[in-house]
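Below: the structure, in structure tokens.
The values are calculated or read from the model by the stated rules, or taken from the named source; none is laboratory data. Computed from a predicted structure; not experimentally measured. Neighbour counts run over all protein chains shown; Cβ positions are idealised from the backbone, glycine included. We work out accessible area using only protein heavy atoms, side chains counted, and drop any ligands, DNA or RNA first. Shrake-Rupley method; radii C 1.70, N 1.55, O 1.52, S 1.80 Å.
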Amino acid sequence: MLFAAMKKLPPSFFGRSFIFWILLVCVLYCCLEYYYLSHAIFTTDDFWLAFHIYQYKHSIPYRDFAPYKTVLGYYLYLLPMCLSSDPIKPLLYVKETAVVVNAFFMMILSVRLRQFYSDRAILAALILVAFSHLFLIYSSEIRVDLLAYWLCALAVILIFENKMVFAGLCLGFGFLISQKSAWYIVAIDMAFLSFCLSGLSYKKIVKQLLLLNSVLIAVIGGYIVFWAGFSSLDVVWHSVFYEAYLVSTLDSYRALQAQYWLSVLQNNALLLLLWPLAFISLFVLPKGEDIFFRRVFLFILTSMMFLFLCFYRQAFPYNFVVLAPIFFLLYTDFFAWLMRIFHAEYLTKWSDQCLFGLLLFYALAFIGLSLYLGLHGIHFLMVLVPLALAYLLFSEKKTENVKSAASTLIYLPIVFLGMICPVIWFGNVMSGMDNRYQFSMVSLLNTLLKEGDEYVAGVPLLYNKAQPTPGLKHLVMPSLDYMKHPDATIAHVLLPSLYLAPVSSQQIIQSLQDRPVKVYVNNNRFRLLPADLQDYFAAHYAHFWGSIYVYAPSVEKNETGIQIAFDGDYKLVGKNAVFLDHEQVWPNHDVYLKKGYHDARASTGYRLVLIPHVGSAYLDAAFQDDDWAALVL
């Protein structure tokens, strides 16, 4: 067999309590996440994906609406969405479900890895990944991608077990959750093909590869045929493949790519920069091990994933979680290798000079990159790892003292930088988080809008109420660019599945005039609107509470009438009295107006501000001012 089982190490410290320790790590991860979720504000993507998920409750994808991705994961997350009608709780339930799913897969993968690796190696790798800044911050987002990546990682383990049919099923169902599983699929195929080029048994590898991909294609084909029965083959094919391709070609965020990489590296230096050191394990082989091909497979897979991220045009920080499952596998193998070279003799496939040069190059490269990125000085502890490896590998007498000193110099930086520091930094992030303003505004908005009322925010703040205005349903950089400078090269990526539309600012203003909304919610996306749109909102809406602005048309002094869009009580704001429908109304007085045209006479300009009737319980005095930056990330 291509992937032989690894010989077991002597019984570890954990013994039969391995499950307890893995469970403990998973429970600690869940506790940290639940504490984080109780303070963190929802992101823009959390809101619009929650809105997207809720569509599956009453509509059928591909027939009634264009799904953003393949739909299996959204149906899973629909279940917690249906547990409450509150405007906030369903989103929290989905996030909590994602945390539980992550913990479940971490346990499953840990148990299955036990047939190949030592308990200590598995536990060390799990802690390194689970408590990394990247994983703690982004693993609970309302996204289905990580669920798909876990299935792909499970497929890798099944490949190691030579269970190609089950591996193909996992990859197939991963694709049915998110098309981004294609990264893993292509990387796995490339790893297999690299074995063919190395001179191994060509027929055996091709047979395994064909079986794996045949099952994968059968699963995806079944999905396409099933949903085509509700719509058409063209619609499903276009949504699954062509739209996914269009989104991947989007260039609007390319200028921010370096900034995203810098942000992730600064907070996850050890997690992301330790993996090249695993390269040394390909050339230092403990005697008695027969796992070389598995190690090569993991290294190729990880390298391919890094390559995909480097060329991905939308390398937002949350996209880096694609590395978490494969890092768990790679670092388990790496830590197992480290532990073996302390307890067994080994063979080297390179000269000592080459290996020493490789370790020295890694140390110098890490120092240079750390200085370039401006990493905290504590990260320089990482340099001890390659130097200690060199000390161990090239010492003439590998006494217990040498091994003890080397192991201390290796494990101390890894434990401190990879396990302790991330939790401390995570705590620092938590100390600055406060979601009370956001939750208060969403609850107030939900209370303000009665049946038939509509709003715009550029973000679907309410998962069960659609925004009516094309172009303002989901404000992202491409749509904002198009509003300012309509361009056919941008229009083709403004897809309905992303709630985007190729409309200019003037077309949006016309839509607002044809179908006025009662409320708009100010936030960081609205601040980026073109000047003419901002002027329109300033002229037709007035501040009510927090980031919420209500309908409030302005009237110039020479105008002889006003068109009112909504029935309700209005407050007159102006310097002088106004005659409305031949009745005099004084400034700061209320008047009830029906929807429609009203005669008006005034010597100066004035404004009629709609008065919302909301209980005082929803009007928190601490949040009366517009803190738009705190509304949404």
At a Förster radius of 22 Å, what calculated FRET efficiency corresponds to the Cβ-Cβ distance of Gln353 and Phe292, to the nearest 0.05? 0.50
Given the whole protein assembly as supplied and a 1.4 Å probe, what does the accessible area of Val100 come to in Å², nearest 10? 70
Mean shadow area of region 305-414 over all directions, Cα convex hull, nm²: 8.5
Could you state the accessible area per residue of region 564-632 in Å², with a 1.4 Å probe and every protein chain left in place? 59
Mind checking the per residue accessible area of region 36-183 for me, 1.4 Å probe, whole number of Å²? 28
With only Lys, Arg, Asp and Glu charged, each at its Cβ (+1 for the first two, -1 for the last two), find how big the charge dipole of the chain is about the Cα centre; round to the nearest 20 debye. 2160
Among Leu126, Gly221, Phe104, the residue whose Cα sits farthest towards the positive end of the charge dipole of region 87-225, when +1 is placed on the Cβ of each Lys and Arg and -1 on the Cβ of each Asp and Glu, is Gly221
How high is the relative contact order of the chain? Use alpha-carbon pairs under 8 Å, at least six apart in sequence, and give a whole percent. 14
Charge tally in the Cβ shell below 12 Å around Lys180, where Lys, Arg are +1 and Asp, Glu are -1, Lys180 excluded: +1
I'd like to check one number: the per residue accessible area of region 352-477, probe 1.4 Å, reported in Å² as a whole number. 45
Reachable lysines from Lys403, Cα under 29 Å, same-chain residues fewer than 8 places away excluded? Lys7, Lys8, Lys287, Lys349
Rounded to the nearest 10 Å², what accessible area does Ile224 show when all protein chains are kept and the probe is 1.4 Å? 10
Extension length gain for Ile420 and Ser616 (0.36 nm per residue less Cα distance), in nm, is 66.0 nm
Charge dipole (the chain, unit charges on Cβ, about Cα centre) - positive-most of Ser504, Leu449, Ile367: Ile367
So what's the angle, to the nearest 10 degrees on a 0 to 90 scale, between helix 292-311 and the longest Cα principal axis of the chain? 30
Check each of the chymotrypsin sites (Phe, Trp or Tyr not before Pro) in region 236-304 and keep only those in coil by DSSP with at most 15 other C-beta atoms within 10 angstrom; list them in order. Phe283
Which of the trypsin sites (Lys or Arg not before Pro) found in region 394-452 are loop residues per DSSP with 14 or fewer other Cβ atoms within 10 Å of their Cβ? Lys397, Lys450
With the Cα gyration tensor of region 62-137 giving a ≥ b ≥ c as the square roots of its eigenvalues, does the rule (a/c under 1.5 for rounded; else a/b larger than b/c for prolate; else oblate) give rounded, prolate or oblate? prolate
Taking only the Cα atoms of region 128-263, how large is their convex hull per residue, in Å³? 162
Given the Cα-Cα distance of Asp86 and Gln513 and 0.36 nm per residue of separation, how much length would full extension add, in nm? 150.6 nm
Rounded to the nearest 10 degrees, what's the angle between the helix 323-343 long axis and the longest principal axis of the chain, both from Cα atoms, 0 to 90? 20
Computed from the coordinates I sent, mean projected area of the Cα convex hull in nm² equals one of [x] 30.2; [y] 31.9; [z] 33.9. Tell me the label. [y]
Under 5 Å between amide H atoms, partner at least 5 residues away or on a different chain: which partners does Asp620 have, H built in plane at 1.01 Å? none
Helix 164-177 versus the longest principal axis of the chain: what angle, 0 to 90°, nearest 10, using Cα atoms? 20
Taking only C-alpha pairs under 8 Å that are 6+ residues apart, what is the relative contact order of region 368-478 in percent? 15
What stretch of the chain, leaving out the sites themselves, is the longest with no GluC sites (Glu not before Pro) in a DSSP loop having at most 11 other Cβ atoms within 10 Å? 1-344
Of His343, His492, Pro460, which is farthest on the positive side of the dipole of the chain, counting Cα position, with +1 on Lys and Arg Cβ, -1 on Asp and Glu Cβ, and the Cα centre as origin? His343
Distance check, please: which entries in Lys69/Lys450; Lys89/Lys484; Lys89/Lys518 exceed 28 angstrom between their Cα atoms? Lys69/Lys450; Lys89/Lys484
Once Val415, Val503 are ranked on solvent-accessible area with the largest value leading and a 1.4 Å probe, the list reads Val415, Val503
Whenever you get a sec, compute what percent of the accessible area on the chain sits on carbon and sulfur atoms (1.4 Å probe). 63
Give the cross-link partners of Lys465 among the aspartates and glutamates, using a straight C-alpha distance below 20 Å as the criterion and excluding same-chain residues fewer than 8 apart. Asp45, Asp46, Asp64, Asp86, Glu451, Asp453, Glu454, Asp514
List the aspartates and glutamates whose alpha-carbon lies under 19 Å from that of Lys397, not counting same-chain residues fewer than 8 positions away? Glu345, Asp352
Could you tell me which of rounded, prolate or oblate describes region 339-476, using a ≥ b ≥ c as the square roots of the eigenvalues of the alpha-carbon gyration tensor, with rounded for a/c under 1.5 and, failing that, prolate when a/b is larger than b/c and oblate otherwise? prolate
